[in-house]
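Peer 1: Have a look at this one before I ask anything.
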Amino acid sequence: MYSYDEPVYLISVVSKILNIHPQTLRQYEREGLIKPSRTEGRMRLYSQRNIDELKLILSLVRDLGVNLAGVEIVLQLKNEIEDLQKEIEKMKKQQGLIPRNRSVVIRKDDYQLVLVSETEED
């Protein structure tokens, strides 16, 4: 079994999985929306993480009608939010506001967060 980040899928496989033309995948790479790994022979290899990122991009483009410039902004904002959430979690742990073995924020998907109120029992 391969890890989530291990590049194992060729562009032809990814195009079939996602029902997308390989040229579109190349365009997304040129636009900087996706960064597949490369073999020494310069063949593109995609990880499961790349495929999930592509699913988000395709959802934005196909379902919501977002253009590629808009997709780039959405992805940048998504990454910034994730970085800020990590920083907040780190700061709360440093200040003792979160028990070190528990998390207050549970990620349900890319767009929904559930805050859990925890009380410490003695």
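Peer 1: Report, ordered by the first and then the second residue, all pairs with beta carbons closer than 9 Å, sequence separation of six or more or different chains, a first member in segment 45-73 that is free of Cβ contacts under 8 Å to residues at least 12 places away in the same chain, and a second member that is acidic (Asp, Glu) and surrounded by fewer than 17 Cβ atoms within 10 Å (Cβ to Cβ).
Peer 2: Here the result reads Ala69/Glu31, each pair linking segment 45-73 to a residue that is acidic (Asp, Glu) and surrounded by fewer than 17 Cβ atoms within 10 Å (Cβ to Cβ).
Peer 1: Something else: Six or more apart or on different chains, Cβ under 9 Å: which pairs go from a residue in segment 78-92 that's modelled with pLDDT of 90 or more to one that's assigned to a helix (DSSP H, G or I)? Could you list them?
Peer 2: From residues that are modelled with pLDDT of 90 or more, the pairs are Lys78/Leu56.
Peer 1: May I pose another question? Failed condition for Glu80, given (1) within 12 Å of the chain's Cα centre (by Cα); (2) among the charged types (D, E, K, R); (3) closer than 20 Å to Ser3 by Cβ, with all others met?
Peer 2: For Glu80, the exception is condition (3).
Peer 1: Now a separate question. Condition first: of a type in the set (Asp, Glu) and in a helix (DSSP H, G or I). Now tell me which residues in segment 1-53 satisfy that.
Peer 2: Listed by number, the residues that qualify are Glu29, Asp52, Glu53.
Peer 1: A further question on this structure: Take the residues of segment 57-70 that are within 16 Å of Gln27 (Cα to Cα), in a helix (DSSP H, G or I) and not small (Gly, Ala, Ser): which is nearest to the chain's Cα centre (by Cα)?
Peer 2: Among those that are within 16 Å of Gln27 (Cα to Cα), in a helix (DSSP H, G or I) and not small (Gly, Ala, Ser), it is Ile57.
Peer 1: If you check Ile73 against the conditions, is it over 20 Å from Leu25 (Cβ atoms), modelled with pLDDT of 95 or more and surrounded by fewer than 14 Cβ atoms within 10 Å (Cβ to Cβ)?
Peer 2: Spelling it out, Ile73 is indeed over 20 Å from Leu25 (Cβ atoms), modelled with pLDDT of 95 or more and surrounded by fewer than 14 Cβ atoms within 10 Å (Cβ to Cβ).
Peer 1: Given the residues Pro22, Pro36, which is the only one that is in contact (Cβ under 8 Å) with a residue 12 or more places away in the chain and either under 21 Å from Asp5 (Cα atoms) or surrounded by 13 or more Cβ atoms within 10 Å (Cβ to Cβ) (or both)?
Peer 2: Pro36
The values are calculated or read from the model by the stated rules, or taken from the named source; none is laboratory data. Values in this document were obtained by computation on a predicted structure and should not be read as measured data. For neighbour counting, all protein chains shown are included, and Cβ atoms are generated from backbone atoms with ideal geometry for every residue, glycine included.
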